[in-house]
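The values are calculated or read from the model by the stated rules, or taken from the named source; none is laboratory data. Please read all numbers here as calculations on a predicted model, not as lab measurements. Heads up, the Cβs are rebuilt from the backbone with ideal geometry, glycines too, and the neighbour counts pull from every protein chain shown. What goes into the accessible areas is simple: the full protein's heavy atoms, side chains included, and nothing from ligands, DNA or RNA. Shrake-Rupley method; radii C 1.70, N 1.55, O 1.52, S 1.80 Å.
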Amino acid sequence: MAGIAVLCEVQGGDVSRGSIGVLEEAGRSGAALGVPVEAIVCGSGLDDAKLAALGGFGASTVRVADDALLASGIAQPVVDACATAQEAGGYRYWMAAASIMTADAMAGLAARLGAGIVIDAVELHAEGGALVTRRSGLGDSVLAHCGFVSAVGVVVTRANAFAATDGNGGTAPVERFAPSFRAWSQAVALVGHEDAVETGPDISAADVLVAGGRGLGEASGFGQIEELATAFGGAVAATRAVVDAGWYPYSAQVGQTGKTVTPNLYVACGISGAIQHKVGMQGSGTIVAINKDKNAPIFDYADFGIVGDLNAVVPQLTALVKARG
Amino acid sequence: MRIAICVKEVPDPTAVKRIDDGSHRLVRSGENTLNPYDRHAIEAAVQIKEGPAPDTEITIVTMAPESAGRSVDRALAQGGDRSVHIADEAAAGSDLLGTARILAAALKRELFDLILLGQQAADSECYVMAGLVAELLEVPCITQAASIELADGSVTVKRQVETGYDTVKAQLPCVVSVSDAINDPRYPPLPAIMGAKRKPHEVVTLAELGIDASTVGAAGAATSVGGLSKPAGRGDTIVLEDDGTAAEQLLAFLVEKKVVA
């Protein structure tokens, strides 16, 4: 029986921790199904000796596509590489930890192969000789048991769903392959990049985080967020939407494209709580939400929610916390 | 410039959503509305038409039951010039791949320069439709656009990625999904809402698009849902409406839980 391929994303020269977590989970599924798991790595100037270490996380073979076209973070050349690997490997399943690039790459691969695709998978199970995922739905109120009818199945797992271990120190053979690139994959190119600049305190180390979203109305709304954070002795976090809008620095961003945080207390102010934000903060100890929209998804996973005007509640809370000294 | 915008009708966020125990499909019989993320894509198209390309025609493309006409009208009111509504009972039960095949078939009939989508659907939180459709159309794809610029047959997009901001340039035709940070969609004025019904509405079937019904819908689904279960919850949630004392009650809760000393 053909095995499982895991697309392992390289970020900043290293395979992402999220990818390693999925590789290990795929290893458990592969063992239950009796099939091998291979790691597929795409990039440019990759170090084979370093990638061999993926063997310590469950890969039986590491297949590497190394080409300048694969260094841009653009998904479509990666689709081509995965499709080339599929021709040789005949995999039954493809998996990747959700990121901006991998989600697009797995979507493209599914379309190319006529394969079913399941996104936002939070569990993988071997049932009846096949892989059956648990796909979270309706604000995480239900798990749909999604399997595949098609010959190949593609799974995008929720970011941070599978934590990586330190591995067993093993190695796997590394084999290089040359993708055949399609014309449309080369009709898109990276023409500029600005690195995220780290400013302010490290929010991943903070014990208390007070986070602001679009519901603040404007950039100046962060003033009261900062005051509450100071009263708690904590730091300020922000959503992608307000960071993109320039209201607050990137280094404060929590979520799929930002940081993953686990403070003892997370106070979400004016944040609706879409899945991309949730995956970055759901491990927090106590979650408090203040939002004027009682239907906001954030209330589904908060411990304490206040439906109301944050411009009234936040200053009151700041004064009360300060008064306790 | 010819712009197509793929939109989706989703259950109204104020309605209680549930999945049918028998079919394992989302029950769509309640109040429905235009996917809020799609409004950002429409606004982006309207800004292109108001700015660099005044001769732009904006086509709203959707796959939905015939009853979705109101959501199509809503999209037209916000700035669409015409609509292509794929309505066919055989499309019901389409999974992501089936939906992409149907949208791609409708998009292939015409020559669009730019195909826009919202970043995700508010009901399924699906964020991969752009990647699926682009591959089926064999055109470049850029997702999560935080800004869009058009020049000389190409589109340049700024997008946030894990390591910062990328600027990506692609040749047209191109599929672009827009981030909800790209703009603040304007609410359509009353005359636009009234005028939406008079815009050209085309309702098409799968056969008219040349789609083999066995490759889409429930019959052609590549994925299957074998059951449903309840995830382990976080425990009880306290939600209260602020009557002026919510901050005090919150602090008492945090003190009791020893989160605050």
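Please go through segment B:162-215 and pick out each residue that is open to solvent by less than 30 Å² (accessible area, probe 1.4 Å), within 8 Å of chain A (Cβ to nearest Cβ) and part of a loop (DSSP other than H, G, I, E, B). Within segment B:162-215, B:Ser179, B:Asp180, B:Ala181 meet the criteria.
Going through A:Ala151, A:Ala126, A:Ala96 one at a time, which residue ends up being more than 10 Å from chain B (Cβ to nearest Cβ), at pLDDT 95 or above and more than 24 Å from A:Gln11 (Cβ to Cβ)? Spell out how you get there, then give the answer.
Details: A:Ala151 fails: more than 10 Å from chain B (Cβ to nearest Cβ); A:Ala96 fails: more than 24 Å from A:Gln11 (Cβ to Cβ).
Every option except A:Ala126 fails the conditions.
Among what's in segment B:139-161 and is touching a Lys or Arg at 6+ places or on another chain (Cβ under 7 Å) and not β-branched (Val, Ile, Thr), pick the residue that is most open to solvent (accessible area, probe 1.4 Å). Looking at residues that are touching a Lys or Arg at 6+ places or on another chain (Cβ under 7 Å) and not β-branched (Val, Ile, Thr), I get B:Ser147. If the condition is being in contact with a Leu (Cβ under 9 Å, 6 or more places away or on another chain), in a loop (DSSP other than H, G, I, E, B) and open to solvent by less than 60 Å² (accessible area, probe 1.4 Å), then segment B:216-242 contributes B:Val216, B:Gly217, B:Gly220, B:Ala221, B:Ala222, B:Pro231. Among the residues of segment A:216-240, those identified as crowded, with 23+ Cβ neighbours inside 10 Å and closer than 19 Å to A:Asp293 by Cβ are A:Leu216, A:Ile225, A:Ala238, A:Thr239, A:Arg240. Filtering segment A:112-123 to residues that are within 20 Å of the chain's Cα centre (by Cα) and either within 7 Å of another protein chain (Cβ to nearest Cβ) or not β-branched (Val, Ile, Thr) (or both) leaves A:Ile117, A:Val118, A:Ile119, A:Asp120, A:Ala121, A:Glu123.
All told, A:Arg63 falls short of being in contact with a helix residue (DSSP H, G or I) (Cβ under 7 Å, 6 or more places away or on another chain), assigned to a helix (DSSP H, G or I), assigned by TED's automatic domain parsing to the domain that holds A:Ala39 and charged (D, E, K, R). Kindly indicate whether any position in segment A:159-172 is part of a loop (DSSP other than H, G, I, E, B), aliphatic (A, V, I, L, M), closer than 17 Å to B:Cys126 by Cβ and within 14 Å of chain B (Cβ to nearest Cβ). Yes, because at least one residue in segment A:159-172 is part of a loop (DSSP other than H, G, I, E, B), aliphatic (A, V, I, L, M), closer than 17 Å to B:Cys126 by Cβ and within 14 Å of chain B (Cβ to nearest Cβ).
Residues in segment B:83-104: is at least one open to solvent by 40 Å² or more (accessible area, probe 1.4 Å), farther than 30 Å from B:Arg25 by Cα and at pLDDT 95 or above? Looking for residues that are open to solvent by 40 Å² or more (accessible area, probe 1.4 Å), farther than 30 Å from B:Arg25 by Cα and at pLDDT 95 or above, one finds none in segment B:83-104, hence no. Comparison of B:Ala104, B:Ala134 shows that the only residue that is farther than 23 Å from A:Pro297 by Cβ, within 8 Å of another protein chain (Cβ to nearest Cβ) and in a helix (DSSP H, G or I) is B:Ala134.
One line per residue, one yes/no per condition, for (1) crowded, with 17+ Cβ neighbours inside 10 Å; (2) under 23 Å from the mean Cα position of the chain (by Cα); (3) in contact (Cβ under 8 Å) with a residue 24 or more places away in the chain:
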position: A:Thr257; (1), (2), (3): yes, yes, yes
position: A:Gly270; (1), (2), (3): yes, yes, yes
position: A:Val279; (1), (2), (3): yes, yes, yes
position: A:Phe299; (1), (2), (3): yes, yes, yes
position: A:Gly305; (1), (2), (3): yes, no, no
position: A:Asp309; (1), (2), (3): no, no, no
position: A:Pro315; (1), (2), (3): no, no, yes
position: A:Thr318; (1), (2), (3): yes, no, yes
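Considering segment B:7-33, the residues that are at pLDDT below 95 and among the aliphatic types (A, V, I, L, M) include one that is most open to solvent (accessible area, probe 1.4 Å), namely B:Val16.
Candidates A:Ala211, A:Ala231, A:Ala237: the one that is within 14 Å of chain B (Cβ to nearest Cβ) and in contact (Cβ under 8 Å) with a residue 24 or more places away in the chain is A:Ala231. When segment B:72-82 is limited to residues that are assigned to a loop (DSSP other than H, G, I, E, B) and buried (at least 23 other Cβ atoms within 10 Å of the Cβ), the one that is nearest to the other protein chains (Cβ to nearest Cβ) turns out to be B:Gln78.
Taking each residue of segment A:157-174 that is in the same structural domain as A:Val62 (by TED's automatic domain parsing) and looking for partners that are aromatic (Phe, Trp, Tyr) and buried (at least 21 other Cβ atoms within 10 Å of the Cβ) with beta-carbon atoms closer than 6 Å, six or more apart or interchain, yields A:Gly167/A:Phe57. Any residue at all in segment B:221-234 that is more than 7 Å from every other protein chain (Cβ to nearest Cβ), on the phi > 0 side of the Ramachandran plot and modelled with pLDDT under 95? No, every residue in segment B:221-234 fails to be more than 7 Å from every other protein chain (Cβ to nearest Cβ), on the phi > 0 side of the Ramachandran plot and modelled with pLDDT under 95.
I'm checking my understanding of the structure. Among residues of segment A:2-23 that are outside any loop (DSSP other than H, G, I, E, B) and open to solvent by 20 Å² or more (accessible area, probe 1.4 Å), which one is farthest from A:Ile100 (Cα to Cα)? It comes out as A:Asp14. Within segment A:129-138, being open to solvent by less than 10 Å² (accessible area, probe 1.4 Å) and more than 7 Å from chain B (Cβ to nearest Cβ) holds for A:Leu131, A:Thr133. Which residue out of A:Gly30, A:Gly58 is touching a residue at least 24 places away in the same chain (Cβ under 8 Å), open to solvent by 30 Å² or more (accessible area, probe 1.4 Å) and either under 21 Å from A:Glu123 (Cβ atoms) or touching a Ser or Thr at 6+ places or on another chain (Cβ under 6 Å) (or both)? So the residue among A:Gly30, A:Gly58 that is touching a residue at least 24 places away in the same chain (Cβ under 8 Å), open to solvent by 30 Å² or more (accessible area, probe 1.4 Å) and either under 21 Å from A:Glu123 (Cβ atoms) or touching a Ser or Thr at 6+ places or on another chain (Cβ under 6 Å) (or both) is A:Gly58. If you go through segment A:61-85 and keep only what is farther than 14 Å from A:Val174 by Cα and open to solvent by less than 20 Å² (accessible area, probe 1.4 Å), you end up with A:Leu70, A:Ile74, A:Ala75, A:Gln76, A:Pro77, A:Val78, A:Val79, A:Asp80, A:Ala81, A:Cys82, A:Ala83. Could you tell me whether A:Ala107 is assigned to a helix (DSSP H, G or I), touching a Cys at 6+ places or on another chain (Cβ under 6 Å) and among the hydrophobic types (A, V, I, L, M, F, W, C)? Spelling it out, it is not the case that A:Ala107 is assigned to a helix (DSSP H, G or I), touching a Cys at 6+ places or on another chain (Cβ under 6 Å) and among the hydrophobic types (A, V, I, L, M, F, W, C).
Condition first: in a loop (DSSP other than H, G, I, E, B), more than 21 Å from the chain's Cα centre (by Cα), β-branched (Val, Ile, Thr) and surrounded by fewer than 24 Cβ atoms within 10 Å (Cβ to Cβ). Can you find one or more residues in segment A:194-211 that meet it? There is at least one residue in segment A:194-211 that is in a loop (DSSP other than H, G, I, E, B), more than 21 Å from the chain's Cα centre (by Cα), β-branched (Val, Ile, Thr) and surrounded by fewer than 24 Cβ atoms within 10 Å (Cβ to Cβ).
Does A:Leu109 satisfy being at the interface with chain B (Cβ under 9 Å from one of its Cβ atoms) and surrounded by fewer than 21 Cβ atoms within 10 Å (Cβ to Cβ)? Explain how you work it out, then say what you get.
Numbers: at the interface with chain B (Cβ under 9 Å from one of its Cβ atoms): yes; surrounded by fewer than 21 Cβ atoms within 10 Å (Cβ to Cβ): no.
Criteria not met by A:Leu109.
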